[in-house]
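The values are calculated or read from the model by the stated rules, or taken from the named source; none is laboratory data. Worth saying up front: this structure is predicted, and the values here are computed from it rather than measured. So basically every Cβ, Gly included, is an ideal-geometry build from the backbone, and we count neighbours across all protein chains shown. These area figures cover heavy atoms from the full protein model, side chains too; ligands, DNA and RNA do not enter into them. Shrake-Rupley method; radii C 1.70, N 1.55, O 1.52, S 1.80 Å.
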Amino acid sequence: MTDRPQPPSPLTGPGTGTGTGTGGTTAPLTRIIRDTLDRLRAFDRHRPRAWDTAVTAFWVVAAVLDYTSGGWRNVAHDDVTAPEFLVLLMSLGFSLPLLWRRTHPVAVLLLMAPVSVVNIWTGAVVQAALLQLIPVFQIVLRSSLRTVGSAALLFVVPVLAGGVRIPAAWGQEVVSYVWGLVFVVLLGIAVRTRREYTEALVERAHRLEHERDQQARLAAAAERTRIAREMHDIIGHNLSVITGLADGGAYAARKNPERAGQALEAIGTTSRQALAELRRLLGVLRDDHPDADRTPQPTLDELAPLIDRVRRAGLPVHLELNGDPLQASLTPGRQLTVYRVIQEALTNTLKHATGPTSATVTLTRSRTHLDTHITDTGTGAELGTTAGTTTGTIAVTEEAPLPAQGIMGMRERAALYDGTLEAGPLPDHGGWQIRLRLPLEDTHQ
């Protein structure tokens, strides 16, 4: 059976040893005392009844020895009227109830009170009467201030009554009992304060540990979401382009082998780029990979190659730049957001638009914001239905996925940088539009 670990003492600094380490600076005697106390506390926690029985037996034996040796006569008054058997009963009455001192301290003190009255009134003054301070100590540790005051009165009143009965007792019993009571109350307050302080430290440590685990779980969930978003953008876009190129190449192979060869070459280029982006993303996740590429993800400088790949897949794309947006003061994360939104929008056009389709990407830089507007002229398919996707000469039949997930991911990206994103059909015809508005890096909102 192992002991429950004890919390660190608030009185010891970080440089003190615990008695188990090799580099501690605790004195050997202090270490021995501390280890002994820890073992006693562990035994008390695991076997409280055995500990209570041992403590009670010790004080019973001490009280009986005080009676049999006649030691009680050294402090008894000359006019003592208590017979021998009554002294023995009083000694047992003060010691035997200690078995319940921790579970019912108030009841134990009430049981001892009549014995204390008889003890003082007869003038025997057995020394076992001081055992009343043990339940008083337990009351101070566990009870309210009002209960402590009542226990103190229950202890003092018999002594004061004895002082009235025997005036000589004032100089000996009354003063010693009162001073003993004050000492025990102060000791109980000190122990209780230290215990509550230690429990508060332990509770705070547990709370901080729980908050740390919760923060770790939240960070892991956020990281999983970010990785899923990146994987969606990388795989979804490139596979859509590859699918379009493959279908176009198969269509052109019968009439124009040269165009089919160009399609296969574009498929290889797109596949290699997708693999490179996946390796870069997965390499960052591997802590044991010292050569992982931790450079930023695609930026606006790679926007032109993206549009070229989409064009090769069969979707005509027109790019408009207003206000020199490629030189806008944007962080790599914001540039990645713009890049991924354009990539997702064009991928959705490839996958979901029907009929002859073209797309327009417009980037406009103002004094405070970078606006991105992506439109297409296709007719969107119904959600969850089989749609024929036609881009130029490419025809694909597939189960149209729900585009809401992609739009949600784009909105999450925009929200990371205090941006806004609007998505919906064009008002004039059956096309679709995406509007992204991001503040520049040096703009504070």
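Below are the figures for this structure:
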read-out	value
Amide H contacts of residue 315 (H built 1.01 Å from N, under 5 Å, at least 5 apart or other chain)	none
Gain on full stretching of the segment that runs from residue 426 to residue 57 - 0.36 nm per residue minus C-alpha separation	123.6 nm
Sites residue 435 and residue 224 - FRET efficiency at Förster radius 25 Å, r taken between beta-carbons, to 0.05	0.30
Protein accessible area in the range 93-148, 1.4 Å probe - carbon and sulfur %	74 percent
Spin-label proximity, residue 141 to the range 97-128 - amide N less than 16 Å from point 7 Å beyond Cα toward beta carbon	98-109
Mean Cβ neighbour count within 10 Å, used as a protection proxy, ranking 30-39, 92-101 highest first	92-101, 30-39
Distance between modelled label sites at residue 417 and residue 88, nm, 7 Å Cα→Cβ extension	9.5 nm
Karplus-derived HN-Hα couplings along the range 331-348 (A = 6.51, B = -1.76, C = 1.60, θ = phi - 60°), whole Hz, x at Gly and Pro	5, x, x, 5, 5, 5, 4, 4, 4, 5, 5, 5, 4, 5, 4, 5, 5, 4
Karplus-derived HN-Hα couplings along the range 55-69 (A = 6.51, B = -1.76, C = 1.60, θ = phi - 60°), whole Hz, x at Gly and Pro	5, 5, 4, 4, 6, 5, 4, 5, 5, 5, 5, 4, 6, 5, 7
